[in-house]
Amino acid sequence: MTQEKKFKSGFVALVGRPNVGKSTLMNRLVGEKIAITSNKPQTTRNRISGIYTEDNMQVVFVDTPGIFKPHSQLDNYMDKASLSTLNDVDLVLFMVEPESPGKGDKFIIEQLKKVKAPVFLVINKVDEVHPDKLLPVIDEYRNLGNFKEFLPVSATEGIGISDLLETLYNNLPEGPQYYGSDQITDRPEYFVVAELIREQILQLTSQEVPHATAVAVDRMNQRINGKLQIEATIYVERDGQKGIIIGKGGKALKQIGIRSRKAIEDLLGEKVNLRLWVKVQKNWRSDPNFLRSIGYDKKELS
């Protein structure tokens with residue numbers, strides 16, 4: 001008779017420079033799109049938990065904003081959100097690209113030296129390099145920090161994911177199942193909906209507009225003719241940015257709406273009627289009261 005495996009559970013932080021693939025990895029692990037992805041840095045602004053559950057393990061992945069040196073109230077919030085997360089988790093996955101550590105990586109390694117939880121180095125995008133190039137990279141990181149293990153993966157291709165999960169099982173404590181088996185995030189639906197809209201803005205606009213953009217869902221509780229009615233406001237900092245978001249004859253905003261609606265319908269599994277507005281909120285990224293009003297955590301803004 002085979003012995004039943006013990007149930008393990010815990011909280012695992014994903015940290016790393018902006019744009020190393022943290023959100024892509026979490027979406028791969030959870031099996032659904034809950035964190036937005038973009039080729040622009042600093043896509044993730046808030047701590048988003050993705051929940052992975054199998055018969056003998058539940059892992060709550062906390063996707064933090066990329067750690068970097070702050071320049072505004074929003075940047076300061078993002079940095080505090082990342083660092084405070086590290087004191088509340090069982091394990092830390094530090095995600096890097098398969099290349100020599102840069103200044104940003106070294107800055108994060110110094111922060112990680114203050115963390116009590118074991119830190120694992122996850123080298124992403126290994127499908128993009130020859131295996132011979134990985135060993136020197138691992139050696140460089142080994143000389144910089146105290147990492148429990150080195151895990152090569154490709155979040156987009158699924159390489160190394162089963163090894164990563166096995167490592168998590170071996171290192172997490174025995175514990176309860178915190179969330180239902182079918183729950184994939186601890187964030188309310190309206191938060192994820194706002195993030196999906198913001199993702200389309202990131203993908204369809206350029207210049208400095210994306211990071212001068214916030215999205216707030218104003219209403220999402222009524223169904224008319226079998227369609228969920230969603231109303232959301234896109235906030236920008238200047239009139240010129242508002243013009244870019246709306247586009248000539250409203251074309252850009254229409255595209256944002258069409259693509260957002262499809263992503264939201266895929267997530268929620270029901271038909272949606274989406275209405276979007278664009279408003280100017282001057283210097284909102286440096287306004288703590290506004291940031292609180294759209295859902296950024298009060299403790300981390302103080």
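The values are calculated or read from the model by the stated rules, or taken from the named source; none is laboratory data. As the structure is a computational prediction, the values presented were derived from the model and not from experiment. Positions of Cβ are backbone-derived with ideal geometry, glycine not excepted, and every protein chain shown enters the neighbour counts.
Selection of the range 118-135 for residues being buried (at least 19 other Cβ atoms within 10 Å of the Cβ) and either closer than 18 Å to TYR52 by Cβ or in contact with a Pro (Cβ under 8 Å, 6 or more places away or on another chain) (or both) yields PHE120, VAL122, ILE123, ASN124, LYS125, VAL126. Only one of the listed residues (MET26, MET57) is under 17 Å from the mean Cα position of the chain (by Cα), at pLDDT 75 or above and farther than 30 Å from ASN283 by Cα. That residue is MET26. Please specify each residue of the range 167-182 satisfying the condition of being of a type outside the set (Ser, Thr, Tyr), in contact with a strand residue (DSSP E or B) (Cβ under 7 Å, 6 or more places away or on another chain), surrounded by fewer than 16 Cβ atoms within 10 Å (Cβ to Cβ) and in a loop (DSSP other than H, G, I, E, B). If the condition is that a residue be of a type outside the set (Ser, Thr, Tyr), in contact with a strand residue (DSSP E or B) (Cβ under 7 Å, 6 or more places away or on another chain), surrounded by fewer than 16 Cβ atoms within 10 Å (Cβ to Cβ) and in a loop (DSSP other than H, G, I, E, B), then PRO173, GLY175, PRO176, GLN177 are the ones that fit.
Just one residue in the set ILE161, ILE138 is touching a helix residue (DSSP H, G or I) at 6+ places or on another chain (Cβ under 7 Å) and either surrounded by fewer than 18 Cβ atoms within 10 Å (Cβ to Cβ) or without any contact (Cβ under 8 Å) to a residue 24 or more places away in the chain (or both); that residue is ILE161. Within the range 122-152, the set of residues being among the charged types (D, E, K, R) and under 25 Å from TYR169 (Cα atoms) comprises LYS125, ASP127, ARG142, LYS148, GLU149.
Is it the case, given these coordinates, that ALA194 is in a helix (DSSP H, G or I) and under 25 Å from VAL59 (Cα atoms)? Answer is yes for this residue.
Does GLN200 satisfy the condition of being surrounded by 15 or more Cβ atoms within 10 Å (Cβ to Cβ), more than 20 Å from the chain's Cα centre (by Cα) and at pLDDT 85 or above? Give the steps one after another, and end with the answer.
Details: surrounded by 15 or more Cβ atoms within 10 Å (Cβ to Cβ): yes; more than 20 Å from the chain's Cα centre (by Cα): no; at pLDDT 85 or above: yes.
Spelling it out, it is not the case that GLN200 is surrounded by 15 or more Cβ atoms within 10 Å (Cβ to Cβ), more than 20 Å from the chain's Cα centre (by Cα) and at pLDDT 85 or above.
Let me confirm something: among THR43, THR64, which residue is modelled with pLDDT under 95, surrounded by 15 or more Cβ atoms within 10 Å (Cβ to Cβ), over 27 Å from GLY180 (Cα atoms) and β-branched (Val, Ile, Thr)? None of the other options fit; the residue is THR43. Contact annotation: residue pairs with Cβ atoms under 7 Å, 6 or more positions apart or on different chains, pairing a residue in the range 233-258 that is in a loop (DSSP other than H, G, I, E, B) with a partner that is surrounded by 17 or more Cβ atoms within 10 Å (Cβ to Cβ) and modelled with pLDDT of 90 or more, are GLY247/LEU253.
Going through (1) part of a helix (DSSP H, G or I); (2) of a type in the set (A, V, I, L, M); (3) in contact (Cβ under 8 Å) with a residue 40 or more places away in the chain one by one, LEU274 falls short only on (1).
In the set LEU151, LEU121, only one residue is over 19 Å from ASN27 (Cβ atoms), outside any helix (DSSP H, G or I), within 22 Å of the chain's Cα centre (by Cα) and at pLDDT 95 or above; that residue is LEU121. Of all residue pairs spaced 6 or more apart or on separate chains, those with beta-carbon atoms under 8 Å, a first member in the range 205-226 that is among the charged types (D, E, K, R) and a second member that is modelled with pLDDT of 85 or more and in a strand (DSSP E or B) are ASP218/GLU231; ASP218/ALA232; ASP218/THR233; ARG219/GLN229; ARG219/ILE230; ARG219/GLU231; ARG223/GLN229. Being assigned to a helix (DSSP H, G or I) and either closer than 25 Å to GLY180 by Cα or modelled with pLDDT of 55 or more (or both) narrows it down to one residue among SER84, SER49, SER9; which is it? From the options SER84, SER49, SER9, the qualifying one is SER84. State whether the residues of the range 92-101 include one that is of a type in the set (Val, Ile, Thr) and either within 30 Å of ARG292 (Cα to Cα) or surrounded by 21 or more Cβ atoms within 10 Å (Cβ to Cβ) (or both). Looking through the range 92-101, at least one residue is of a type in the set (Val, Ile, Thr) and either within 30 Å of ARG292 (Cα to Cα) or surrounded by 21 or more Cβ atoms within 10 Å (Cβ to Cβ) (or both).
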